[in-house]
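Have a look at the structure below before the remarks.
Nothing in this text is a laboratory measurement; each read-out follows from the coordinates by a stated rule. Everything quoted here is computed from the prediction, not taken from an experiment. Using ideal geometry, Cβ is built from the backbone for each residue, glycine included, and neighbour counts are taken over all protein chains shown.
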Amino acid sequence: MLQNIVTLTEVLSEGETSSSLTWDAVFKSVIEWCKTKGLQFLIALIILIVCFVLINLLARAVRNRLRKTKKTEMVADVIYKTIRIILKVLVLFIFLGFIGVDMAGVSSIIASGAVAIGLAIQGSLSNIAGWIILIVTRPFRIGDYIIAQGESGTVEEINLFYTHLKTPDNKVVFIPNGSLSNGVITNVSSKDLRRLDEVFSISYNDDSEKAIKLIKEYVMAHELVLKDPEPFVKVSNFADSSVDITLRVWLKKENYWDVHFEILDNIKKIFDENNITIPYNQLDVNIVNTKDNKEK
């Protein structure tokens, strides 16, 4: 290719003395390049495109196969991206070598760039190490709801540097993998069952046994509350202005929030219907008349 360019340059320089000869030489040189190097370049380009399409299909097939297995669901997207990048880079190198590009120069440029990039992102290497730890240990999967680093949300993606969480109010939180892998992670979705704990406060003047009976009758009749283990309803604390009753029930994890809000709403209605008071903090204030004390 470079020789053809040199030939074109020489022909153009000679064209200052003979215009008709120049254009005729240029045309012949172009035709010659198309017959030799051009045809080779076109074939290589077509093969490159076909290889890229096949790599995408292969990577997608591997990802879909892995996603069918829950144990490898988290790493499916990572393996998919890795296969695409590595194979495409390899095919691109072969393509450049086939069309006559000096790969020794390209390799030296890539090596120098890799060193420069490594120095620039050395502070982020801990995130890559954290990513590897998360992939190997798998404390959570894509779609799990986790609490970590003061944030909570559903895991959407695990990239090389960050893990993406979608919060219940539809915000996206990016947590560095280094901090995530070295901190405490609470996986809310890892178990099929969750325990719901509620505390209800009633007045000291009310019948606590009656309140317990009403709460227990309600949860035992609730279709989403599991009866085994049996719901727990007991007096748990004598507060300053109330008697606290603790309710503990087991649910399927997907029903947790629905049952939580239903119980709060319906227990309040049941208490109102049965004249059971939910107290609030009260403060008794005694006023001392200092003027009368002085006169006495």
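Laid out as a table, the results:
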| item | result |
| --- | --- |
| Sorted by Cβ density within 10 Å, fewest first, the residues Asp77, Asp228 | Asp228, Asp77 |
| For Thr163, Thr154, Thr186, order by how many other beta-carbon atoms lie within 10 Å, fewest first | Thr186, Thr154, Thr163 |
| Amide proton proximity set for Thr163, modelled H, under 5 Å, gap of 5+ | Ile175, Asn177 |
| Test item: Cα-centred dipole of the range 193-273, Lys/Arg +1 and Asp/Glu -1 on Cβ, debye | 320 |
